[in-house]
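Colleague: Provided herewith is a single structure, encoded as C-alpha cells, for subsequent inquiry.
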Amino acid sequence: MTEHSDNRTRRERLWEHAAPMVRELRNRVLTNPGRRASLRTAVGREPGDPRTFRAYGEVTRFLPERADYATERAFLAVAALICAQPRAARDADMRIGKKAKSGENESDSEDGAAAEPETEEADTEGTGADAASSPEMTGGTEPDERQHGGKSSDERTPSRSLGWSCAEAALTDRNSGKTLEPRLHAMCRMDGAGLHRQLPRVVNMLRTKGVYIDWTTLAVDLAGWDRANRAVTRKWLRDYHRRLAAAQRDNDNHESTQKETA
C-alpha cells in the first residue's frame, strides 16, 4: 500500500470519529450551558492541562482507541472552539444540527436565517460579539458525512477547508481580505503547537463575520498536521484561491450578462 493511500485511509477513519462528535456538540452540548462551559475552558489548552480535565468527559468517547497526541489535541481544540463561538454563530450551528437530525437535505444554500433568542438568560461568554450585534451566519452548511461516499475528505466537493473559510471571509469583508492571505500563509508555515495557538483568534474572526467552518474537516486536518502538514497546507491554499477565482468568475459572468441585456 502506498504512502498516499495509507494517509487517505487514516483520514477516513478520523472522519468517522470526528463527524459524530460534531453532531453531538451541535445537538446536545451547545444547548446545555454546563456542558458547553466544560469545553469552552479548554480553548487554546494542551491535553492534560487542568483546564481540559472536564472537556475529556465530552470528547474521549469520540477519539479513536489508539489516538495519538495530535489527534487528541485536534478533537479537544475543535470541540472547545465550537463551544466558544459568538452567540449568533452558536445558534447557526444548532440550526444546522436540527436540520441534519430531522433528515432535511443540507444543500449548499446559505444559512442566512436570523439567530433566534436563547431560552436561557442572555450570556456574554464566548469569543465574540453578542447575537444582537453579530452578523447573520453565512457560507453554507456542512457536507453530510453520508455524502462522504467512501472517499477521502480531499475528494469531496465543494471543499470546505479552513482555506475555503478564509476566502469566504475575504469576500465578505474586502478590508480584512488584505490581511487574510498573509495570515493563512503564516499558519501554513507553523508547526502544530503554533497553529493551535493561532487558531482561536482566526476562528473567532471568521465566526464573528458569519463565515461557516467545516468543523469535521478542521478536526481531521489538525489531527494530521504533524504527519502530513504539507498535504493539508496545499489543500488550504488551493481551496482559498479556488474560492476566490470562482467568485471572480461569477462576478465576470454577471457583468457580461448585464452588458448583453443593456
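Where a number appears in this text, it was derived from the coordinates with a stated rule and is not lab data. From a predicted model like this one, the values you see are computed outputs, not experimental measurements. We place every Cβ from the backbone using ideal geometry, glycine too, and count neighbours over all the protein chains shown.
Colleague: 7 Å from Cα along Cα→Cβ at both Arg54 and Thr9: what's the point-to-point distance in nm?
Modeller: 4.1
Colleague: Using a cut-off of under 15 Å, list every residue of region 44-75 whose amide N is near the label point 7 Å from the Cα of Ala231 along the Cα-to-beta-carbon line.
Modeller: Residues 71 fall inside that zone.
Colleague: Taking H as built 1.01 Å from N, whose amide H comes closer than 5 Å to the amide H of Val211, not counting residues under 5 places away?
Modeller: Thr138
Colleague: Give a quick list of trypsin sites (Lys or Arg not before Pro) in region 213-248 that DSSP marks as loop, anything other than H, G, I, E or B, with at most 11 other Cβ atoms within 10 Å.
Modeller: Listed in order of number, the matching sites amount to none.
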